[in-house]
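The structure appears below as structure tokens.
The values are calculated or read from the model by the stated rules, or taken from the named source; none is laboratory data. In this text the structure is predicted, and so the values were computed from the model without any measurement. Reconstructed Cβ throughout: ideal geometry from the backbone, glycine too, with neighbour counts over all protein chains shown. Heads up: the accessible areas ignore ligands, DNA and RNA and are worked out on the full protein's heavy atoms, side chains in. Shrake-Rupley method; radii C 1.70, N 1.55, O 1.52, S 1.80 Å.
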Amino acid sequence: MKKTVLKVNIHCQKCKKEVLKAVTNLTGINQVTIDGEKETLTVVGDVDPVLITEAVRKIGKVAEIVSVGPPKPPEPKSPVKNPLPPWCYDYCQLVPVSHAPYDSAPCSIL
């Protein structure tokens, strides 16, 4: 698997849709992202960078390969612990609570 970054002339939302449609038809793609500000197309997967460039050029866009390399490995997620608040460590304790139903008439608060 490799990460391919291309510089593509993307000026509007329509251009983005056309490029995405052209590239997603290729086989072996895991992820596609487009950065409109930087005018870059990033493709991650087992696909030849030349095929990506040809697909983009077929729709009339100018494409230039910027880089080809391994994708960045995902960052390991650290387990999130839910500690007790600091003020509760020494002072909190479990207290049993029970509920007994009323034997008399229902209670009303006025």
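Can you tell me how much longer the chain between Ile29 and Glu54 gets when fully stretched, taken as 0.36 nm per residue apart minus their C-alpha distance, in nm with one decimal? Each step should come with its number before you reach the end.
Values: separation 25, 0.36 × 25 = 9.00 nm, distance 1.51 nm.
Full-extension gain reported as 7.5 nm.
For the listed peptides 36-44, 59-67, a ranking on the average number of other beta carbons within 10 Å per residue, highest first, reads 36-44, 59-67. Computed as a quarter of the hull surface, the mean projected area of the alpha carbon convex hull for the stretch 1-72 stands at 4.1 nm².
In order along the stretch 49-62, phi translates into HN-Hα couplings of x, 5, 5, 5, 4, 5, 5, 6, 5, 4, 8, x, 9, 8 Hz, rounded to whole numbers, per the Karplus curve 6.51 cos²θ - 1.76 cosθ + 1.60 with θ = phi - 60° and x for Gly and Pro. Taking each of Lys16/Lys77; Lys17/Lys72; Lys14/Lys72; Lys7/Lys72; Lys14/Lys38; Lys21/Lys77 in turn, the alpha-carbon distance tops 27 angstrom for Lys16/Lys77; Lys14/Lys72; Lys21/Lys77.
Could you provide, to the nearest whole Å², the per residue accessible area of the stretch 1-72 with probe 1.4 Å?
On the way: 4490 Å² over 72 residues.
Here the per-residue accessible area is 62 Å².
Close amide H partners of Val47, meaning residues 5 or more places away or on another chain with modelled amide H under 5 Å apart, are Lys2.
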